[in-house]
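A quick write-up on the structure given underneath.
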Amino acid sequence: MKKAAGKRTKLLRSRAVERRDAASAPKTGDKFVIRPAESHDIGAISALDARITSLSKKQHWQDLLARSKSLDFAQFFLVADAPASSKSLLGFIVGEIRAWEFGSAPSGWVYALSVEPGVREHGVGEALLAAIEAEFKRRKITKMRTMVAKDSPLPMLFFRAEGMMAGPYIQLEKDLT
Amino acid sequence: MKLQISTQLAIFALVELVVNPDHQLTVAEIGAKYGVSSHHLAKVMQVLARARLVRSIRGAGGGYQFCGNARRTTLLDVIELFEPLGSGGQDASAPGERTGEGRALRVVMDEIDNTVRATLSSITLATLCGLVDRHRPEPAGEVKARVAMARQ
């Protein structure tokens, strides 16, 4: 039991080091920097999401940020901002490595990706997706997945343009009324 | 699902024109690659020209040029120029359509139609060109080299 706990601590420490490395080496584009989200970003993240979805869910983003900082989850919460001012949030992405749900081998899931409407088509979304893809690959993950509403053309066109294709699962649902 | 020949040719022709934005291609040049007559392809190009996806440039060195937005034009946009898509919608006069069985079958067929439309409307010509690159057959030399490396 002690041995297993020791092994786990070692694994978590190694994850912490990896995260620190990722945080200390932000990826720079021509006009923006990609870095791990911090608590001071939550206001801007929540506001951007609310502008796009018309739903305010600050607590949700706070919970996701807490998970990304916890060593118990392989979750990633990255933001893109203008290098001159860290107050200027351009977009964000959230994803997590999940294993054996629905019988699936470990894969990287992208839960949320949002880019400020005024800076779309300038490579921010591509850079955020590439950054989280790199995090997944660093952990030997070979498959990245997401879910997009059929009637949301913009995200659908974006993920398709990034090379994502239909996967081996079909999402099913049932009215419970 | 199988596309009509004209629809397939339209997509192939558009891909050729999108990846050659600085050149005008003739129907003979495009037709030669896909083994189709210039006559057949010319009719397809007329439909694409009417939809303002291509323009014809006359004179020596003339041909067709893509003039749409490759990042916004989807496969669904192109296909619907040439053929109706899906299982045809509800036809109240069709046998059994008003029975529970008919309605249940319609629900399943509609699900399939919705999935097909969602897929086709999410693939732009630019995305398809990227897919073409990924699925391009490797030249025989490269395959041999890769096999040799794998054996080392």
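Okay, here's what the table says:
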| quantity | calculated |
| --- | --- |
| Checklist (1) surrounded by 13 or more Cβ atoms within 10 Å (Cβ to Cβ); (2) more than 11 Å from chain A (Cβ to nearest Cβ); (3) modelled with pLDDT of 85 or more applied to B:Arg117, failing item | (2) |
| Only listed residue being more than 11 Å from chain B (Cβ to nearest Cβ) and within 12 Å of the chain's Cα centre (by Cα), chosen from A:Ala105, A:Ala131 | A:Ala131 |
| Cβ-Cβ under 9 Å pairs, at least 6 apart or on other chains, segment B:59-71 side under 17 Å from B:Thr124 (Cα atoms), far side assigned to a loop (DSSP other than H, G, I, E, B) and among the acidic types (Asp, Glu) | B:Arg71/A:Glu121 |
| Tally, over segment B:70-109, of residues that are surrounded by 16 or more Cβ atoms within 10 Å (Cβ to Cβ) and within 14 Å of chain A (Cβ to nearest Cβ) | 6 |
| Residues located in segment A:37-59, provided they are over 13 Å from A:Gly91 (Cα atoms) and within 14 Å of the chain's Cα centre (by Cα) | A:Glu38 |
| Selection status of A:Val119, touching a strand residue (DSSP E or B) at 6+ places or on another chain (Cβ under 7 Å) and either within 14 Å of another protein chain (Cβ to nearest Cβ) or under 24 Å from B:Ala126 (Cα atoms) (or both) | yes |
| Lone unmet requirement of (1) surrounded by 14 or more Cβ atoms within 10 Å (Cβ to Cβ); (2) under 15 Å from B:Leu120 (Cα atoms); (3) without any contact (Cβ under 8 Å) to a residue 12 or more places away in the chain for B:Lys2 | (1) |
| Among (1) more than 30 Å from A:Glu173 (Cβ to Cβ); (2) touching a residue at least 24 places away in the same chain (Cβ under 8 Å); (3) of a type in the set (Gly, Ala, Ser) - the single one A:Ser104 does not satisfy | (1) |
| When residues of segment A:138-151 are limited to those that are of a type outside the set (Lys, Arg) and surrounded by fewer than 13 Cβ atoms within 10 Å (Cβ to Cβ), the one farthest from the other protein chains (Cβ to nearest Cβ) | A:Thr142 |
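The values are calculated or read from the model by the stated rules, or taken from the named source; none is laboratory data. Remember, predicted model here, so these are calculated numbers, not experimental data. Here Cβ is always computed from backbone atoms with ideal geometry, including for glycine, and neighbour counts include all displayed protein chains.
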